[in-house]
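Everything below concerns the one structure shown next.
The values are calculated or read from the model by the stated rules, or taken from the named source; none is laboratory data. If you're wondering where the values come from, they're calculated on a predicted model, not measured in any experiment. Glycine gets a Cβ as well: all are built from the backbone with ideal geometry, and neighbour counts include every protein chain shown.
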Amino acid sequence: MRPFLAILRSLSRRYKLIILSLVDLFTAFSCWLVFGPPFTALIASNFEVSLYGVIIQNIYNFIFPTLVTFLYFIQSGFYRSSIRYSESRDLILRSLKGSVIFGVSWGFVYAAEYEIVRNQYLIATILKSLFLAYVFYAFLQISRDFARMILNYSSFKKTGKPILIYGAGTAGNELYQSIKRNPKINIIGFFDDSKALVGAEINSIKIYGKKKHLKQLSDLYSDLEVYLAMPSLSQSERRSIISSLEKYKVAVRTIPSLHEIVANQKKMVEMQDLSIDDILPRDSVENSIISFSGINIMVTGAGGSIGSEIVRQALLGKPKKIVLFEISEINLYSIQEEIESILKVHETSVEIIYVLGDVKDKVRLNEIISNHRIDYIYHAAAYKHVPIVEYHENISEGLKNNIFGTQALCEVASNCSVKKVVVISTDKAVRPTNIMGASKRLAEMVVQSIDAESNKTKYCIVRFGNVINSSGSVIPLFRKQIAEGGPVTITHKEVTRYFMTITEASSLVIQAGEFADGGDVFILDMGDQVKIYELAEKLIYLSGRNISHDGQGEGIEIQEIGLRPGEKLYEELLISGDKFNTSNSKIFKSIENYPSKEVLTKVLDDLYNASMTNDVLKIRKILKENVEGFTEVKNEK
């Protein structure tokens, strides 16, 4: 039997279709022979007439319907479809239409052979033609099922990754249909706690419904992976299910939620890693589109994590023009490719200008801002990685970019009568323990001072903490380390951080800019701080791995490597401790003190001279004397 099946599978597509069409022809003839005139005539004559004679006598009411049916099959592409995957709705519909054509056309031909047709005879012919169509359709489907069994036959058990589909509804079944033929996947069952489904089966695959079944399956399959296929669940419900799966130490992946499918046009069966919303107890931020109709926008640091997302979201507000200002050629090139694709998809008429430039270059800034008549500026350009800026060779460059680059941009914006400048800051500016944080706090003071002297331009500062998946974020690092088998490295077990997605932070930055009255410091509500150690544990468990303690036992070890120079155990967003509500519950306003213009000018002059000669000791002294709460921490590994 196996050699015969192997020969059939090895045939070319052309010969397979010839065999299948001959089978269809034989099926049509058999149906006509048994359920049509020949067998009826034999029964009526008590089998005294010749079968061959009856066939010859009625052959015309077989040839014509068969010819019409097969012409339809050919014209509709019935035989162009792959046999292996011929169970789609359109092919079933074509098969059904062809069967009806066969039965009905036979009825017309058969009835036309008689000069006088009585009512009773006509009714019987109609019923007979419908029955013939039904039988022919049934045998067509049987022949396709048999062909698929031959082509998909395998004498080996599935050895792919064991998959449990969590959710036996429409999404779960659609996911099953899309992956069932993947040889790298072995679907061992469905899980659904619906009482109406427990114990039932989908395509002979059992539906489990009790938590003990999850334990049994995780014990039976050490590399079990769970596909969460319940897109209509709320975020809190999804998080609850994922949290319950954590103790079984099974890898969890999910299809997009319903709002992601609608908003991002993702496919329902598109598997993806768990998002931070699935893992951490946090309230996500609703994206609110701000209209920029008729406005020219400039984004500095437009190729970075935050800058590029501000550009994407600003596009939704349909501004007149967006200028992407970036010092890195490769970053500008990358965002250019993406933005061009977005413009094609959305068929928008926004003019995009890609500019290489340095925010410290006032001549270049003046040229660009004046030529393009910029109305709004979002200033995201900054050196922000603490260990890099903290290195003594880079301290002066960090100050030049973060402080004097911000000063240059704000002064040019005022001279060019820009309507609004939104400056991105960081939680590390609050009682800083590193040079980068101190430079950002001093940059905030510069913005506030310039705003106090400006009549036409409104300046505001938006301060927030870590954003997930930005360059330097811990989440991508943990995922990479887990994929490589560990260890997962953390600086300290007690380190806590706020978490917000790049999309959420950028949306709130744009919304905060709408509240600007001048000199405002806006703080984003980032929820509760999360222990980095606990986040690492969750990511390890939900990747289907165990945690190895002190290198003992199988699993991934979490190693403490010590706080980096200037790193805090926890984050702060407020200096004064006072914050005021805005109309957006996720955005607060803080009143921050800053020195007089005369004092600040002297500080900046001294700092500029020290940075030009790379006098690091003097730089540290000036920052400690003029940045509130600045205490350098020299952490040892």
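Cβ separations smaller than 7 Å between residues 6+ apart or across chains give the following pairs from region 474-492 residues that are not assigned by TED's automatic domain parsing to the domain that holds Val252 and modelled with pLDDT of 80 or more to residues that are of a type in the set (Gly, Ala, Ser) and not in a loop (DSSP other than H, G, I, E, B): Phe478/Ala536; Ile482/Ser543; Val488/Ala536; Ile490/Ala536.
Picking from residues in region 494-520 that are in a loop (DSSP other than H, G, I, E, B) and of a type in the set (Asp, Glu), the one that is farthest from Val311 (Cα to Cα) is Glu494. Would region 459-466 turn up any residue that is over 36 Å from the mean Cα position of the chain (by Cα), part of a strand (DSSP E or B) and touching a residue at least 60 places away in the same chain (Cβ under 8 Å)? No, the conditions are met nowhere in region 459-466.
Could you grab me the full set of residues in region 413-447 that are polar (S, T, N, Q), in a loop (DSSP other than H, G, I, E, B) and in contact with a Ser or Thr (Cβ under 9 Å, 6 or more places away or on another chain)?
As a first pass, look at region 413-447 and keep what is polar (S, T, N, Q): 414-415, 417, 425-426, 433-434, 439.
Then drop every residue that is not in a loop (DSSP other than H, G, I, E, B), which leaves 417, 433-434.
Passing the criteria: Ser417, Thr433.
Every condition in (1) surrounded by fewer than 22 Cβ atoms within 10 Å (Cβ to Cβ); (2) within 15 Å of Ile587 (Cα to Cα) is met by Arg463 except one, and the failing one is (1). Out of all the residues in region 410-430, is one or more farther than 26 Å from Asp605 by Cβ, buried (at least 21 other Cβ atoms within 10 Å of the Cβ) and not aromatic (Phe, Trp, Tyr)? Within region 410-430, one or more residues are farther than 26 Å from Asp605 by Cβ, buried (at least 21 other Cβ atoms within 10 Å of the Cβ) and not aromatic (Phe, Trp, Tyr). Checked against (1) touching a helix residue (DSSP H, G or I) at 6+ places or on another chain (Cβ under 6 Å); (2) surrounded by fewer than 17 Cβ atoms within 10 Å (Cβ to Cβ); (3) at pLDDT below 75, Gly518 passes all but a single condition, namely (3).
If you go through region 299-352 and keep only what is assigned to a strand (DSSP E or B) and either more than 17 Å from Ser506 (Cα to Cα) or of a type outside the set (S, T, N, Q) (or both), you end up with Val299, Lys321, Ile322, Val323, Leu324, Phe325, Glu326, Glu351, Ile352. Criterion applied to Lys211, Lys215 was being out of contact with any Leu (no Cβ under 8 Å at 6 or more places or on another chain) and modelled with pLDDT under 85, and the one residue passing it is Lys211.
Okay, residues lined up against (1) at pLDDT below 85; (2) assigned by TED's automatic domain parsing to the domain that holds His392; (3) outside any strand (DSSP E or B):
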position: Phe522; (1), (2), (3): no, yes, no
position: Arg545; (1), (2), (3): yes, yes, yes
position: Ser548; (1), (2), (3): yes, yes, no
position: Glu554; (1), (2), (3): yes, yes, yes
position: Ile558; (1), (2), (3): no, yes, no
position: Glu572; (1), (2), (3): yes, yes, yes
position: Ile575; (1), (2), (3): yes, yes, yes
position: Leu604; (1), (2), (3): no, yes, yes
position: Ser611; (1), (2), (3): no, yes, yes
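Residue count for region 320-349 under the criterion of being in contact (Cβ under 8 Å) with a residue 40 or more places away in the chain and more than 19 Å from Ala380 (Cα to Cα): the result is 0. Scan region 90-143 for residues that are more than 19 Å from Tyr60 (Cβ to Cβ), of a type in the set (Ser, Thr, Tyr) and at pLDDT below 80 and the total you get is 1. With respect to the stated conditions, Thr433 fails to be at pLDDT 95 or above and among the polar types (S, T, N, Q).
Restricted to region 503-515, and to residues there that are surrounded by fewer than 19 Cβ atoms within 10 Å (Cβ to Cβ) and not acidic (Asp, Glu), the residue that is farthest from the chain's Cα centre (by Cα) is Phe515. Just so you know, in region 212-257 the residues that are touching a residue at least 60 places away in the same chain (Cβ under 8 Å) and assigned to a helix (DSSP H, G or I) include one that is nearest to Ile547 (Cα to Cα), and it is Glu246. Listed by position, the helices (runs of 4 or more DSSP H) contained in region 1-56 that have at least 2 residues being modelled with pLDDT of 75 or more are 13-35, 37-44.
Does region 497-506 contain any residue that is more than 20 Å from Leu524 (Cα to Cα) and either modelled with pLDDT under 80 or in the same structural domain as Gln407 (by TED's automatic domain parsing) (or both)? Checked region 497-506: no residue is more than 20 Å from Leu524 (Cα to Cα) and either modelled with pLDDT under 80 or in the same structural domain as Gln407 (by TED's automatic domain parsing) (or both).
Of all residues in region 212-252 being in contact with an Asp or Glu (Cβ under 7 Å, 6 or more places away or on another chain) and over 21 Å from Thr170 (Cβ atoms), which is surrounded by the most Cβ atoms within 10 Å (Cβ to Cβ)?
We begin by selecting, within region 212-252, every residue in contact with an Asp or Glu (Cβ under 7 Å, 6 or more places away or on another chain); these are 235, 238-239, 242, 250-251.
Cutting the leftovers down to over 21 Å from Thr170 (Cβ atoms) gives us 239, 250-251.
Numbers: Arg239: 18, Val250: 24, Ala251: 19.
Going through the qualifying residues, I end up with Val250.
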